[in-house]
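To start, the structure under review is shown below, and the notes come after it.
The values are calculated or read from the model by the stated rules, or taken from the named source; none is laboratory data. If you're wondering where the values come from, they're calculated on a predicted model, not measured in any experiment. Note that each Cβ is placed from the backbone with ideal geometry, even for glycine, and that neighbours are counted across all protein chains shown. Note: areas computed on protein heavy atoms with side chains; ligands, DNA, RNA excluded. Shrake-Rupley method; radii C 1.70, N 1.55, O 1.52, S 1.80 Å.
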Amino acid sequence: MEERPETELISIPATPRASTPEILTPSGQRSPRGGGGHTSTGASKDAKSWTPTSFISPRFLSPIGTPMKRVLVNMKGYLEEVGHLTKLNPQDAWLPITESRNGNAHYAAFHNLNAGIGFQALVLPVAFSFLGWSWGIISLTIAYFWQLYTLWILVQLHEAVPGKRYNRYVELAQAAFGERLGVWLALFPTVYLSAGTATALILVGGETMKLFFQIVCGPLCSSNPLTTVEWYLVFTSLCIVLSQLPNLNSIAGLSLVGAVTAITYATMAWVLSVSQPRPPSISYEPISLPSYSASLFSVLNAMGIIAFTFRGHNLVLEIQSTMPSTFKHPAHVPMWKGAKVAYFFIALCLFPIAIGGFWAYGSLMPSGGMLSALYAFHMHDIPRGLLAMTFLLVVFNCLSSFQIYSMPAFDSFEAGYTSRTNKPCSIWVRSGFRIFFGFVSFFIGVALPFLSSLAGLLGGLTLPVTFAYPCFMWVLIKKPTKYSFNWYFNWILGWLGVAFSLAFSIGGIWSMVNNGLKLRFFKPN
């Protein structure tokens, strides 16, 4: 009778989890992923019907004494940890995304905050000036909860197949859509999102450095100050210096700086705006354009700006891949904890800055967003030191955000090199790739020095990464019951995302063609 509780405890079968333990190298920092992203068919069948602990059953243990049972129970726990090993690919230990596996929930929160909030929040009031109060708030709310749902999908699908971790967005797309189609569908928008965001960050960072210098220097500025393009070059050079940090986990400190500065300046921007008298002749009616088609395209571009505000899903799998994952402690648990904290703070920043900024400036909101409005309307009302600090925080945030958004591009460059040479990148090769990417982004920024139109186009072209593809991936990988609510819900969301992507892209292209060449991110006097 005394042994019965132990027997019942032992008889509880271990529930297999869709996770993969990570094997640490002697340094304890690197852990390759599954080679080639798959295991053999036979192995996957065996994994369903047999585990290394299947022989430790109550029937096997019943004739053995209690001490031996305790030994075997401990052995069972150990085998559960090592029983689902993946076939290793040494190349992943050489790449920036998967080189280090010592991440945790705190790192996940820092990275998601740094990727999820930043300069794009500053142009949200621009979208409201075309949408008005009702449609602006409705669109922002729907977009927030929609992307939060797709974020949860990506976190769950990271280890959807036992013995496999999808460390990159493109890998998950290949698993869902097929090897070739997955590359065609996911590679362009993810690379475009990384490069486009890096370019926009150079625009914002360079212009903000210029204005910070003008505010601090004041009337003492020299008669021959740096031009806007030269400030772009200064900012790009700082980004390249910081980009020499080797991998995603090594920039966790920078992500923390980016998160803190983003929350601080976003709060300061709307608080300073609503605390000042509103400009005369302010109006909250949506901006009307001469023709119906022009108004329609402007609305589509504004909704594209809102979609671009929630970019960052192309980094979710990459962030999760920096965490160790074992049978008992899968990586999706700390990842989701960190993501929930991050997106709570993101909501606390985005909604007040959109609503407060539109309340303060209405249809008079400049095309450059909140910083442009502060400079144009309150340059002489706000203490110069406070205004300068706000601009400096934006610079710090842009420097930090550039690193995390550039990391997938660095990973792609180095993956191509290591696959051809079968050896890791040297310091000089790695530095060369990052210098090349930085200056390519700089030249694109010089050629396209307008942000509000670029933000709408970026939002439209990359919208499927955030709003559409995860829904399709869930249906194709998880295979919910056909014609069930889950099945209908994800298919409808996915196709709506594709339709919105096409519409917002058209609006962004129209805005660039008609307004882009006339716009600058800031219009200082």
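Listing for the model above:
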item	result
Signed unit charges on C-beta, dipole axis of region 253-400, positive-most listed residue S295, L256, V395	L256
Exposure ranking of H313, H380, H106 by accessible area [1.4 Å probe, largest first]	H380, H106, H313
Added length on full extension, which subtracts the Cα-Cα distance from 0.36 nm per residue, T326 to S295	5.8 nm
Probe 1.4 Å, all protein chains present, accessible-area order of F443, F413, F351, F308, largest first	F443, F413, F351, F308
Gyration tensor verdict on region 392-509 (Cα atoms; rounded if a/c is under 1.5, prolate if a/b is larger than b/c, oblate otherwise)	oblate
Region 129-194, relative contact order in percent, only Cα pairs under 8 angstrom and at least six apart counted	16
Interchain or long-range residues, amide H under 5 Å from I287's placed H	F130
Backbone HN-Hα couplings from phi across region 490-504 [Karplus 6.51/-1.76/1.60, Hz, Gly and Pro as x]	6, 5, 5, 4, x, 6, 4, x, 5, 5, 5, 4, 5, 5, 5
Exposure rank, largest accessible area first [T264, T481; 1.4 Å]	T481, T264
Accessible surface of region 171-214, 1.4 Å probe, proportion on carbon and sulfur as whole %	71
Solvent accessible area, Å² - W94, 1.4 Å probe, full protein context	50
Total charge dipole magnitude, region 99-258, about the Cα centre, Cβ charges on Lys, Arg, Asp, Glu only, Debye to nearest 20	200
Prolate/oblate/rounded label for region 325-459 (Cα gyration tensor, a/c 1.5)	oblate
Added length on full extension, which subtracts the Cα-Cα distance from 0.36 nm per residue, T227 to I492	90.5 nm
